[in-house]
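Novice: Below is a structure I'd like to ask you about.
Just so it is clear, none of the values below were taken in a lab; they were calculated from the coordinates. Just so it is clear, the model here is predicted, and its values are computed rather than measured. Reconstructed Cβ throughout: ideal geometry from the backbone, glycine too, with neighbour counts over all protein chains shown.
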Amino acid sequence: MSNARNDSQKSNVIAYLCPAKNVFILSRLQPIYNIAEICAQQGLSHAVLCPGSRCAPLTLAFTSHPKITCRTLSDERSAAFVALGMAQQTKLPTVLVCTSGSAVYNFAPAVAEAFFQQIPLLVLTADRPSEWIDQWDGQTIRQQNIFGRHVKASFQLPEDYTHPDAVWHINRTTNEAILQALRFPAGPVHINVPLREPLYPAEGEKITFADVRIIKEEKPALTLAAATQLEMSRQLQKYAHVMVMAGQQDHQPDVAKAVFHFCKAHHATLVGDVLSNLHGNENTIRHADVFLPHCGENIRQSLAPELLITFGKSIISKNTKLFLRHNQPAEHWHVVSFGEVPDTFQSLTRVVHADPKSFFEALAHQKIEAFTAQKKENYTRLWQTEEDRTQRSAVHFFDGSFNEFQLIKQVVDALPARCNLHLANSMAVRYANVIGLGSHQHGVHVFANRGTSGIDGCTSTAVGHSLTSDIPNILITGDLAFFYDRNAFWHNYALPNLRVVLVNNHGGIIFNMIDGPTHLEQSREYFVTQQKLTAKQLAQEFGIGYFVLDSPKKIRNNIRDFFEFDGKTKILEITSDQTVAREAFDQYKSIIKKGYAT
């Protein structure tokens, strides 16, 4: 048996000609090991590796590379969202590796989120050789193209790595996958890697990296042609009611500056919810979702745009979507560098393929006649009047009451001057959008998994950010999202800059807020999904600092201690009652509505 084992191990070491440098390489798996070298030379520096045997060559390649930081997480679903958060923070693809079989499917939720959020990932899945697919071999499923249309591209590596053409193909595929992941719009790319045994190096064999060929790609300059710029400038002159609306996007100071200058020059109304990251401009309309349902039809008609200019991805506000669908502009331009453009408001008339920064800069210096300028300014004042009315109406709502809505407001007001704010889906992101961020909080950068809007990886995504940044990362989440993703903490890595605000009302309270489920007898058990957990035991299990807000007396001290960054991960649990929470939210909407009755 010993001799047979040694023969098997030795079969992993062969000699073949490497065409790139005309040298011999002494490992059958050398082209697989070189994937890590290609990634490093392309600038990738982070890998998330899930345990497994079939993926051993990939795991050994990345863990042996001095320029790649590797982390391991056992839950593939959580691991993929952690990788997503890391890529979102670094703006570079995170390498994501798993073994064969159902482990691959567990990547799917994060891959879909990355696709719709346009976040780059390089997903490497180990596989059995093709002849063993559908032969009842262990951990074997149909992995080719497993993510379907939710990846930008899917590649299959050859199964024989010894032929020079196979060596070339693996190099070419890895380069192309990385370029595809980064090419606008960014997104996940999948490489399926069939691997034959032996999977481990022979005794005494060292993993080294050969010279590799790197393919670079120059990014095109996406600016408006002079003729197009002139024609669009003339179009702008025609409309007195111009609205600019920003969808979800990362904080981009240069883009924000260009948008602000454009809106000032054209007296255009700028509408952006909390995920637009445009709260740094004091004139941004932040509360459209709040006042549009209550302001009355006459006011809504006066607020309707003639020209709508949009950029970024999706918006949170259903009320804003309905407003624009019912009050369609004469023209709707969407500004995007490349890619497909949805017709969210059923009014799209022009797709402008340009970088948003260059677009707004190019059209910001147009002279406007005094009479036209006055009409445009009147329109912006109408929007600002409704924004101011909403803020005045709500100013006393948050004083003195004790409910989850009010407590989240206090947390938002206490955020560090520079931090990442992560918002879980369902009520957490909606609360934050209603509360809004002030212009003085321009250092708060907002993130949320609104590509698919699922609750499944909100905590893990925040963990990914925390692993790749030194700034504070604050997550506001509900109890179902939090406990669903509890394996975000199941690893061996310190997260001293992570703070989790857990709103625990023991169920999915959003189903008590929206029309439909509230009046059903099945609502409590099958929609709200009551649960009795608290985070106390979880905090003890993972060594996390724990604070609870269950009385007004604890607010000030616990929020202060929670935001003290002393080297520990911390959870601040807001214990809440669903009935009280719903009544508070209804009361808030009632106050806004009364503002239009006086």
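Novice: Cβ under 14 Å from S460's Cβ, S460 left aside: what net charge do those residues give with Lys, Arg +1 and Asp, Glu -1?
Specialist: Charge balance near S460 sits at -2.
Novice: Taking 0.36 nm per intervening residue step and subtracting the Cα-Cα distance, what contour gain separates T228 from A202 on full extension?
Specialist: Result: 3.0 nm gained on full extension.
Novice: Next question, about the same structure. Which order do W136, W383, W490 fall in if you start with the one that has the fewest other Cβ atoms within 10 Å?
Specialist: Least to most surrounded, the residues fall as W136, W490, W383.
Novice: If you plug each phi of region 155-161 into the Karplus form 6.51 cos²θ - 1.76 cosθ + 1.60 with θ = phi - 60°, what whole-Hz ³J(HN,Hα) values come out, in order, with x for Gly and Pro?
Specialist: With the stated coefficients, region 155-161 comes to 10, 10, 7, x, 9, 10, 9 Hz.
Novice: Would you tally the net charge around E131, using a Cβ to Cβ cut-off of less than 14 Å, leaving E131 out, and scoring K and R as +1, D and E as -1?
Specialist: Residues near E131 contribute -3 overall.
Novice: Also, I was wondering about something else. Looking at the chain, send over the antiparallel percent of its DSSP beta bridges, to the nearest 5.
Specialist: Expressed as a percentage, antiparallel bridges in the chain total about 5.
Novice: Taking the dipole about the Cα centre of the chain, with the C-beta of Lys and Arg at +1 and of Asp and Glu at -1, give me whichever of G464, G101, A330 is farthest to the positive side.
Specialist: Result: A330.
Novice: Another question, then. Simple spin-label model, 7 Å along Cα-to-Cβ: N557 to T69 in nm?
Specialist: Result for the modelled spin labels: 3.6 nm.
Novice: Next question, about the same structure. Placing unit charges on C-beta atoms (Lys and Arg positive, Asp and Glu negative, everything else neutral), compute the dipole magnitude of the chain about its Cα centre in debye, rounded to 20.
Specialist: 980 debye
Novice: I've got another one for you. For Cα pairs less than 8 Å apart in space and 6+ apart in sequence, what is the mean separation divided by the residue count of the chain, i.e. the relative contact order in percent?
Specialist: After rounding, I find 13 percent.
Novice: Quick query: amide H of Y546 versus all other amide H atoms, modeled in the peptide plane; which residues come in under 5 Å with a sequence gap of 5 or more or a different chain?
Specialist: I571
Novice: Separate question: Could you give me the ³J(HN,Hα) list for region 284-290, computed from phi with Karplus coefficients 6.51, -1.76, 1.60 and θ = phi - 60°, whole Hz, x at Gly and Pro?
Specialist: For region 284-290, the Karplus-derived couplings read 5, 7, 9, 10, 4, 4, 7 Hz, x marking Gly and Pro.
Novice: If a helix is a whole DSSP H run, which ones in the chain reach 27 Å or further along their own axis (Cα) and hold a mean Kyte-Doolittle hydropathy of at least -1.0?
Specialist: For the chain, where a helix must reach 27 Å along its axis and average at least -1.0, the hits are 164-182.
Novice: What nm distance separates the two modelled labels at H169 and F402, each placed 7 Å from Cα along Cα→Cβ?
Specialist: 6.9 nm
Novice: Can you list residues from other chains, or at least 5 along the same chain, whose modelled amide H is less than 5 Å from the amide H of V501?
Specialist: L475, I476, T477, L572
Novice: Something else now. Which ³J(HN,Hα) values in Hz, rounded to whole numbers, follow from the phi angles of region 198-208 under the Karplus curve 6.51 cos²θ - 1.76 cosθ + 1.60, where θ = phi - 60° and Gly and Pro get x?
Specialist: These are the phi-based 3J(HN,Hα) values: x, 9, 10, x, 5, 4, x, 6, 9, 8, 10 Hz.
Novice: Here is a follow-up. Taking the Cα centre of region 404-594 as the origin, how large is its charge dipole in debye, to the nearest 20, when only Lys and Arg (+1) and Asp and Glu (-1) carry charge on their Cβ atoms?
Specialist: 440 debye
Novice: Let me ask you something else. With just the Cα atoms defining each centre, how far is region 352-399 from region 121-137? Give it in Å.
Specialist: Centre-to-centre distance over Cα atoms comes out at 54 Å.
Novice: Still on this structure, I have one more. Given R₀ = 51 Å, FRET efficiency for D577-S130 by Cβ-Cβ distance, to 0.05?
Specialist: The formula returns an efficiency of 0.35 here.
Novice: Still on this structure: Can you give me the long-range amide H partners of V352? Hydrogens built in the peptide plane at 1.01 Å from N, cutoff under 5 Å, separation of 5 or more residues or another chain.
Specialist: Distant-sequence amide H within range of V352: H334, V335, V336.
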